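What follows is a single structure, written as structure tokens, with notes after it.
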Amino acid sequence: MPLNILNMLNIGGTAFMAGVQALAGITVHAEEDYNYTPELEVAREFRGRHHWMNDDAKRCKFSGVMVPFSRDWEERKTNSEGTEEVIAPMPEKMIGNAFILNKRICVNAPPENIFRLATASRSLGFQRVVEGAPLTTYNLHEMNLGQLPLWAPQILNRLERLANEPATAPSVKLFVAETQPEFSKIRDMLNSDGKEKVN
């Protein structure tokens, strides 16, 4: 089962899983407040920037999408008595948001195609990702199967469903159209072990 990728907003959980510690994370800061929604079948455009002390902060920005996810996988934990407990999936409850960035846009330069993933979990009552909040993003092209976030199959299928809905924002539809090669890479990785199946 793939390991989950958690960023520093995942308070109350493990900050980073061992599987992604070797990857180069880039911190992207939200350009505005992004409110969470209990509804799952939605997606919205996301925009971020470098930290203000970074030389590229004023001239480069990031764009992509923000998509809510639920825990549709089992979790196992060991209690204080040393007994392993199995926590059943809760596929109807939103527990966080996936952030997928596909463009780095700099002044006086053509947009750069990227594909970076981040997670913000809903913990300790947080209802939004506030302006300036840091998201640690990871490059899909540096990942192996064990480093994909557990939400990957769910988010992939959700985005492709939303791309066919008339009410979906044009920016989200364009994102899906532009990232088909990366979607195909994720499908191939998830289907390679015969366990995770993505439509």
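The values are calculated or read from the model by the stated rules, or taken from the named source; none is laboratory data. Quantities reported herein were computed from a predicted structural model and do not represent experimental measurements. Please note: Cβ atoms are built from the backbone with ideal geometry, for glycine as well, and neighbour counts cover all protein chains shown. Areas reflect the complete protein model, heavy atoms only, side chains present, ligands, DNA and RNA absent. Shrake-Rupley method; radii C 1.70, N 1.55, O 1.52, S 1.80 Å.
Kirkwood Rh over alpha-carbon pairs of the stretch 62-121, then Stokes-Einstein at 25 °C and 0.890 mPa s: what D in µm² s⁻¹, rounded to an integer?
172
Just read off the accessible area of Leu145 with the full protein assembly in place, 1.4 Å probe, to the nearest 10 Å².
Here the accessible area works out near 50 Å².
Under a 1.4 angstrom probe, counting protein chains only, how are Ser80, Ser192, Ser63, Ser171 ranked by accessible area, largest first?
Ser80, Ser192, Ser171, Ser63
If you average over every viewing direction, what projected area does the convex hull of the Cα atoms of the stretch 42-196 give, in nm²?
That works out to 11.8 nm², a quarter of the Cα hull's surface.
Please calculate how many Å² of accessible area the stretch 86-152 carries per residue, with a 1.4 Å probe and no DNA, RNA or ligand atoms counted.
45
Based on the mean of other beta carbon atoms within 10 Å per residue, what is the order of 85-93, 27-35, most packed first?
Ranking, from highest mean packing down: 27-35, 85-93.
Just how far, in whole angstrom, is the stretch 91-111 from the stretch 142-194 if you go by their alpha carbon centroids?
So the two Cα centres are separated by 12 Å.
Order Arg187, Arg71, Arg76, most accessible first, counting only protein heavy atoms with a 1.4 angstrom probe.
Accessible-area ranking of Arg187, Arg71, Arg76, largest first: Arg76, Arg187, Arg71.
Grab the alpha carbons of the stretch 40-83, take their convex hull, and tell me the volume per residue in Å³.
Measuring per residue, one finds 140 Å³ for the Cα hull of the stretch 40-83.
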